[in-house]
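Trainee: Can you keep this structure in mind? I'll have questions shortly.
The values are calculated or read from the model by the stated rules, or taken from the named source; none is laboratory data. All figures in this text were calculated on a predicted structure; none of them were measured in a lab. Note: ideal-geometry Cβ built from the backbone for every residue, glycine included; neighbour counts use all protein chains shown.
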Amino acid sequence: MFHGSIPALVTPFKNGAIDREAFANLIDWQIEQGSSALVPCGTTGESATLSHDEHRMVVENCIESAKGRVPVIAGAGSNSTREAIELVSHAKSVGADAALVICPYYNKPNQDGLEAHFRAINDSVSLPLIVYNVPSRTACDLLPETVAKLAKLPNVIGIKDATGDLGRVSLHTALTQGEQFHQLSGDDMSALGHRGMGGAGCISVTANVAPRQCADMHDAFNRGDLKAAQAIEARLIRLHNAMFETPSPGPAKYVLAKMGLCDAEVRLPITASDEAAQAIIDEALEAAQL
């Protein structure tokens, strides 16, 4: 179900409020450009600074705007298991196709705690779950042996792995034999390598600003044209880096503002990309032939 280029969507703001019109237009553009699914309220969507009402509204707006043209994977994670269950329940109630659930951040649970967290969500809501491992942000690491245990749960269908450790793709495959388990990269820099190791696609930051190019790379890989995929990736590699020249999603919103698709506004503690960063991003855009 989930494959190819999947943007972790930015949440457009205007004067402090969510710009629903810009968000709807971004979704139409993403689908037209070949994105295979959409992720609202992920890290790139500034979920950490959305109120609960805003979070629910963004998920609902994404589903309404997508109109069933592509699947919607609703960001629904929290460092509170109870709150994560509430967000996943809401995602199901409004028609999301799956939920992306991050490892609990700040709390620093051990592997038993991580397993219990995801098991509680699995047992509470019947909705496909993609677990999201990003140790650089959460201060805890969902180890492959724990992933293998979670893959046996009926609702856990895959992982977004943002460790950048390509060896984990093969290890996850070996440990989840017999399970239908989708492996998605959460790291644009290693997304092509992730595909080569057996991954199905990438939940991407870069796809916010280069959706056609990211989709084309995955399409080339799918048809066995590795040289074409590598050529696209060579053009995008500086852009992947530039998307984190300042804290994300500042760079992505800077580019989208240049394209007239939304304002560059971000919420504190994230700040907009400064002039020095903008120059680097502009050079990366040129290298990407955008």
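Trainee: Hey, among Ser89, Ser65, Ser78, which residue is more than 22 Å from Ser36 (Cα to Cα), within 19 Å of the chain's Cα centre (by Cα) and not aliphatic (A, V, I, L, M)?
Mentor: Ser78
Trainee: Right, here's the next one. Considering the range 221-268 alone, what residues qualify as being out of contact with any helix residue (DSSP H, G or I) (no Cβ under 9 Å at 6 or more places or on another chain) and under 21 Å from Thr43 (Cβ atoms)?
Mentor: Pro247, Ser248, Ala257 - these are the residues of the range 221-268 that are out of contact with any helix residue (DSSP H, G or I) (no Cβ under 9 Å at 6 or more places or on another chain) and under 21 Å from Thr43 (Cβ atoms).
Trainee: So, in the range 45-56, exactly how many residues are closer than 26 Å to Ala200 by Cβ and in a helix (DSSP H, G or I)?
Mentor: Here the count works out to 1.
Trainee: Is it fair to say Ile159 is closer than 17 Å to Ser136 by Cβ, of a type in the set (Val, Ile, Thr) and surrounded by 20 or more Cβ atoms within 10 Å (Cβ to Cβ)?
Mentor: Answer is yes for this residue.
Trainee: With respect to the numbered conditions (1) out of contact with any helix residue (DSSP H, G or I) (no Cβ under 9 Å at 6 or more places or on another chain); (2) surrounded by 18 or more Cβ atoms within 10 Å (Cβ to Cβ); (3) part of a helix (DSSP H, G or I); (4) among the small types (Gly, Ala, Ser), which one is the sole condition not fulfilled by Ala84?
Mentor: Here Ala84 clears every test but (1).
Trainee: (1) modelled with pLDDT of 95 or more; (2) closer than 30 Å to Lys152 by Cα; (3) surrounded by fewer than 21 Cβ atoms within 10 Å (Cβ to Cβ): which one isn't true of Ala257, the others all being true?
Mentor: Status for Ala257: all satisfied but (2).
Trainee: Same structure again: Cβ-Cβ below 8 Å, separation at least six or inter-chain, first residue in the range 214-226 and within 12 Å of Ala200 (Cα to Cα), second assigned to a helix (DSSP H, G or I): which pairs?
Mentor: Correct list of pairs: His218/Arg195; His218/Ala229; Phe221/Leu192; Phe221/Arg195; Phe221/Gly196; Phe221/Ala229.
Trainee: Same structure again: Quick one: is Ile121 in contact with a strand residue (DSSP E or B) (Cβ under 7 Å, 6 or more places away or on another chain), hydrophobic (A, V, I, L, M, F, W, C), in a helix (DSSP H, G or I) and modelled with pLDDT of 95 or more?
Mentor: Yes; evaluated as a whole, the condition is true for this residue.
Trainee: Would you be able to tell me the number of residues in the range 180-200 that are on the phi > 0 side of the Ramachandran plot and surrounded by 20 or more Cβ atoms within 10 Å (Cβ to Cβ)?
Mentor: Total meeting the criteria: 0.
Trainee: Out of the residues in the range 1-32 that are assigned to a helix (DSSP H, G or I) and among the acidic types (Asp, Glu), which is farthest from Ala200 (Cα to Cα)?
Mentor: The selected residue is Glu21.
Trainee: Same structure again: Go through the range 35-81 and give me each residue that's surrounded by fewer than 24 Cβ atoms within 10 Å (Cβ to Cβ) and touching an Asp or Glu at 6+ places or on another chain (Cβ under 6 Å).
Mentor: Pro71, the sole residue that qualifies.
Trainee: Can you tell me which residue among Gly77, Gly42 is modelled with pLDDT under 95, part of a loop (DSSP other than H, G, I, E, B), under 26 Å from Asp123 (Cβ atoms) and of a type outside the set (Lys, Arg)?
Mentor: Gly77
Trainee: Pairs, please: C-beta under 9 Å, at least 6 apart or cross-chain, first residue over 13 Å from Ala252 (Cβ atoms) and in the range 1-16, second of a type in the set (Ser, Thr, Tyr) and part of a loop (DSSP other than H, G, I, E, B)?
Mentor: Phe2/Ser36; His3/Ser36; Gly4/Ser35; Gly4/Ser36; Ser5/Ser35; Ser5/Ser36; Ile6/Ser35; Ile6/Ser36
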